[in-house]
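Undergrad: The structure that follows is given in the form of structure tokens.
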Amino acid sequence: MDELTLTIKVKIKDHERCRKLVKYLEDAIVSSDLLKIGIHEDKNFINIVIRGKGNDISMKIADVVDVVMEIISSFVKARKS
């Protein structure tokens, strides 16, 4: 059984937008039996920690990373428009 931990660190200059992004991520991403996901705000940084165990865990974590990147991308695009 494989075990993997991945940490993603995102910097958002505006503290209020940082808090909004944390809220979006918390609503969109839920921990499961196989994956434990922690989203922590630290001033203008967001730390997303994904821990998992099981077969093909890297693929499951990759799916979560895809969702995270999609949310961040749409969040940035909304800022520009």
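Undergrad: Go over the candidates Ile39, Ile12, Ile29 one by one and state the one that is at pLDDT 90 or above and in contact with a helix residue (DSSP H, G or I) (Cβ under 7 Å, 6 or more places away or on another chain).
TA: Ile39
Undergrad: So which residues in the range 48-81 are among the charged types (D, E, K, R) and in contact with a Ser or Thr (Cβ under 8 Å, 6 or more places away or on another chain)?
TA: Selection gives Arg51 alone.
Undergrad: Of all residues in the range 43-54, which are buried (at least 16 other Cβ atoms within 10 Å of the Cβ) and either within 9 Å of the chain's Cα centre (by Cα) or closer than 21 Å to Lys13 by Cα (or both)?
TA: Answer for the range 43-54, where residues must be buried (at least 16 other Cβ atoms within 10 Å of the Cβ) and either within 9 Å of the chain's Cα centre (by Cα) or closer than 21 Å to Lys13 by Cα (or both): Ile46, Ile48, Ile50.
Undergrad: Mind checking which residues of the range 1-18 are surrounded by 14 or more Cβ atoms within 10 Å (Cβ to Cβ) and either within 13 Å of Lys60 (Cβ to Cβ) or of a type in the set (Lys, Arg) (or both)?
TA: If the condition is that a residue be surrounded by 14 or more Cβ atoms within 10 Å (Cβ to Cβ) and either within 13 Å of Lys60 (Cβ to Cβ) or of a type in the set (Lys, Arg) (or both), then Leu4, Leu6, Arg17 are the ones that fit.
Undergrad: Return the residues of the range 25-42 that are surrounded by 14 or more Cβ atoms within 10 Å (Cβ to Cβ) and either in a helix (DSSP H, G or I) or in contact with a Leu (Cβ under 7 Å, 6 or more places away or on another chain) (or both); say none if nothing qualifies.
TA: Answer for the range 25-42, where residues must be surrounded by 14 or more Cβ atoms within 10 Å (Cβ to Cβ) and either in a helix (DSSP H, G or I) or in contact with a Leu (Cβ under 7 Å, 6 or more places away or on another chain) (or both): Leu25, Ile39.
Undergrad: Given Ile46, Ile72, which one is among the β-branched types (Val, Ile, Thr) and in contact (Cβ under 8 Å) with a residue 60 or more places away in the chain?
TA: Ile72
The values are calculated or read from the model by the stated rules, or taken from the named source; none is laboratory data. Keep in mind it's a predicted model, so treat the numbers as computed, not measured. As a convention, Cβ positions derive from the backbone with ideal geometry for all residues, glycine included, and neighbour counts pool all protein chains shown.
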